[in-house]
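Written out below as structure tokens is the structure these notes cover.
No value in this document is a laboratory result; all are computed from the given coordinates. Remember, predicted model here, so these are calculated numbers, not experimental data. Methodologically, a virtual Cβ is constructed for each residue, glycine included, from the backbone with ideal geometry; neighbour enumeration extends over all protein chains shown.
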Amino acid sequence: MTSLVVAPPLLVCRAHIAYGDRRVARDLSLEFPAGRTTCLLGRSGVGKTSLLRWLAGLLPGATQAQPIAFMAQSDLLLPWLSVLDNVLLGYRLRGDAAALRSAEGRARALLDDVGLAGRSGDRPDQLSGGMRQRAALARTLCEDRPVVLMDEPFAHLDAVTRFDLQDLAARLLADRTVVMVTHDPLEALRLGHHIRVLSGPPLAAGEPIEPSGPLPRDPADAALLGLHARLLAELRGQPT
């Protein structure tokens, strides 16, 4: 990404998050620092995805005035479009022909970065699950937004591809305000300036953990391994 962005902080002020009669969060207040990556960890069902959807303005009572890119757990690729057209979908939907032309080169470069340069003309049903995930990541990065919300963006990838794309995301999302849900403590430690362990419902966040060193961090670093043990202990202490 080459454009200059000014990334704002994300603020959650006494938020109420609910699905029908099920209360996910009550009077929740959190701050996600500007230009930093915050990783959210927690046991299944605590409300991590609900919080991310609330931040995106997708739930009742939520507002989001900032331009964002949102990557859901599922790839959400449109089956009738090529891989390249799926990556450029946001630009097509906004109807800005000049922006679309400008973004096509970036889209092709990103497909090369994620290992799909030779598959840009394929339809999604011609791709494996991991390839679809990589296309969805390219689409998210192509949006070039100051705020990026990602829900388990590397979940369906093999170990080597996952590692490489973590590196790519850390490089391309530098200085953005990123909130990323993950179930992998080591992934959070590689990619997060701040890590919040969530519990619930109702949703609550522990004090932020702030590993030292630039992103992406070396997973073999002794200090990181110590924090990995701490995060696992916190997660194991939560009720299922």
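A few notes on this one:
- Relative contact order [Cα under 8 Å, 6+ residues apart], the range 77-144, whole percent: 47 percent
- Debye, to nearest 20: dipole size of the range 77-144, +1 on Lys, Arg Cβ, -1 on Asp, Glu Cβ: 80 debye
- Cα pair distances exceeding 21 angstrom across the range 148-240, given as percent: 31 percent
- Angle of helix 222-236 to the longest C-alpha principal axis of the chain, folded into 0 to 90 degrees and rounded to 10: 70°.
- Site pair PHE163 and GLN73 shows an inter-label distance of 2.7 nm when each label is modelled 7 Å from Cα along Cα→Cβ.
- Rounded to 10°, Cα long-axis angle of helix 159-172 versus longest principal axis of the chain: 80 degrees
- One decimal place: the segment TRP80-GLN66 gains 2.1 nm when fully extended, by the rule 0.36 nm per residue minus the C-alpha distance.
- Within the chain: Cβ-based charge dipole about Cα centre, in debye rounded to nearest 20 (Lys, Arg +1; Asp, Glu -1): 480 debye
- Separation between Cα centres of the range 91-122 and the range 1-67, rounded to whole Å: 28 Å
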